[in-house]
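First comes the structure, then the notes that go with it.
Bear in mind these aren't lab numbers, they're just calculated from the coordinates by the rules spelled out. None of these values were measured; they are calculated from a predicted model. Note that each Cβ is placed from the backbone with ideal geometry, even for glycine, and that neighbours are counted across all protein chains shown.
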Amino acid sequence: MRISGTTKAPLMNFTAETYLGVVSIRAFNMADRFFKNYLNLVDTDAAMFFHSYAGIEWLILRIEVLQNLTFFTAALLLVLLPKGYVAPGIVICYTKLANITYACFVHIFECFHADNL
């Protein structure tokens, strides 16, 4: 949180000063210069979160692939096994497991984004 504050402070200060001096900035036709400086400060502030977001998206993709592979393999085995070999309760457990796994995934994703705000 402290790093976020150190990168956000110059951005907020620049925005406030630009807002107060907008008449002078337009009078001297310096809007492009101030806009480029503003974008540079925004990029500096956003760079801190870029690697974190990229890493979590990479991890989520890998988890989803493994999860789908496991579910499809289990579903295929449930379909291909002979009739009467698998108890009916297993199919219900499989369905519940899919719903619970999705709920856990959504919860983890929301917790990650709440930590980075």
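The residue list PHE72, ALA103, PRO88 was ranked by how far each Cα lies along the charge dipole of the chain toward its positive end, using unit charges on Cβ atoms, and PRO88 comes out on top. Cross-link reach is defined here as a Cα-Cα straight distance under 22 Å, omitting same-chain residues fewer than 8 places apart; for LYS36 the lysines meeting it are LYS8.
Rounded to two decimals, what ratio of Rg to Rh does the range 1-112 give with C-alpha atoms and a Kirkwood Rh? Display every interim value, and only then the final one.
Values: Rg = 26.2 Å, Rh = 19.0 Å.
Here Rg/Rh amounts to 1.38.
Rounded to whole numbers, the Karplus 3J(HN,Hα) couplings from phi for the range 37-47 are 5, 4, 4, 4, 5, 5, 4, 4, 5, 7, 4 Hz, using 6.51 cos²θ - 1.76 cosθ + 1.60 with θ = phi - 60°, and x at Gly and Pro. Helix 88-115 and the longest principal axis of the Cα set of the chain meet at an angle near 10°.
Applying a DSSP loop filter and a limit of 12 other Cβ atoms within 10 Å to the chymotrypsin sites (Phe, Trp or Tyr not before Pro) in the range 22-68 leaves PHE28. In order along the range 66-82, phi translates into HN-Hα couplings of 5, 5, 5, 4, 5, 5, 5, 5, 5, 5, 5, 5, 5, 7, 7, 5, x Hz, rounded to whole numbers, per the Karplus curve 6.51 cos²θ - 1.76 cosθ + 1.60 with θ = phi - 60° and x for Gly and Pro. Taking the longest Cα principal axis of the chain as reference, the axis of helix 2-20 is set at about 40 degrees. For a test of the definition: using alpha carbon positions, the gyration tensor, and the 1.5 limit on a/c, classify the range 38-82 as rounded, prolate or oblate. Prolate.
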